[in-house]
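Heads up: the structure comes next, in structure tokens.
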């Protein structure tokens, strides 16, 4: 399991990945306004049944939030991601993110929590 903390700033998004081995930091070159716009596009699109227009924002968001951390997650053999979203990302349907082949929920078990204190990345 890994706990993922994406935090958007004006000019970038920092993504912290916590695992029992420690915390690693990654950066996506997309600011808070662009991230919020794309989250809103995805949310609006997924509310329309049978409409595949959600795929474009789902792929962009996947590229911004998952591409920077994908190799790290693979190295750690992560099967579960627990997201601790900030700002506009609190409304993001993480399961709908798409890598061009499959949805995020098809690759990982997913969880979302409002505060990090509810999750412990260390094994029991």
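Just so it is clear, none of the values below were taken in a lab; they were calculated from the coordinates. What you are looking at is a predicted structure, and each value in this text was computed from that prediction instead of being measured. Every residue, glycine as well, gets a Cβ built from its backbone with ideal geometry; the counts of neighbours run over all protein chains shown.
Taking the Cα-to-Cβ direction at residue 95 and at residue 75 and moving 7 Å from each Cα, how far apart do the two end points lie in nm?
3.1 nm
Per-residue ellipticity at 222 nm for the chain, helices alone: DSSP H runs ≥ 4 residues times -39500 (n - 2.57), over residue total, nearest 500 deg cm²/dmol? Please report the intermediate quantities before stating the final value.
Working: 4 runs with 36 residues, N = 124.
Calculated from helices alone, the mean residue ellipticity at 222 nm is -8000 deg cm²/dmol.
Within 10 Å, count the other beta carbons around each residue, average over each peptide in 22-35, 44-57, and list them highest first.
Details: 22-35: 14.7, 44-57: 12.8.
Ranking, from highest mean packing down: 22-35, 44-57.
What distance in nm separates the simple spin-label points at residue 40 and residue 27, each placed 7 Å from Cα in the Cβ direction?
2.7 nm
Fully extended, how many nm does the chain gain between residue 14 and residue 48 (0.36 nm per residue separation, minus their Cα-Cα distance)? Please report the intermediate quantities before stating the final value.
Details: separation 34, 0.36 × 34 = 12.24 nm, distance 3.08 nm.
Here the segment from residue 14 to residue 48 would lengthen by 9.2 nm.
Calculate, axis by axis, the spread of Cα positions in the range 49-113 along the three principal axes, and write the results as whole Å, longest axis first.
35, 27, 19
Taking 0.36 nm per residue of sequence separation and subtracting the Cα-Cα distance, how much length would be gained by fully extending the chain between residue 113 and residue 56, in nm to one decimal? If you can, show how the numbers build up before the last one.
Numbers: separation 57, 0.36 × 57 = 20.52 nm, distance 2.57 nm.
Extra length from residue 113 to residue 56 when fully extended: 18.0 nm.
Counting only DSSP beta bridges with both residues in the chain, tell me the antiparallel percent, nearest 5.
Details: 14 of 21 bridges.
Approximately 65 percent, going by the DSSP bridge assignments.
How big is the Kirkwood radius of the chain, worked out from every pair of different alpha carbons and given in Å to one decimal?
On the way: mean 1/r = 0.0684 Å⁻¹.
Kirkwood radius, the chain: 14.6 Å.
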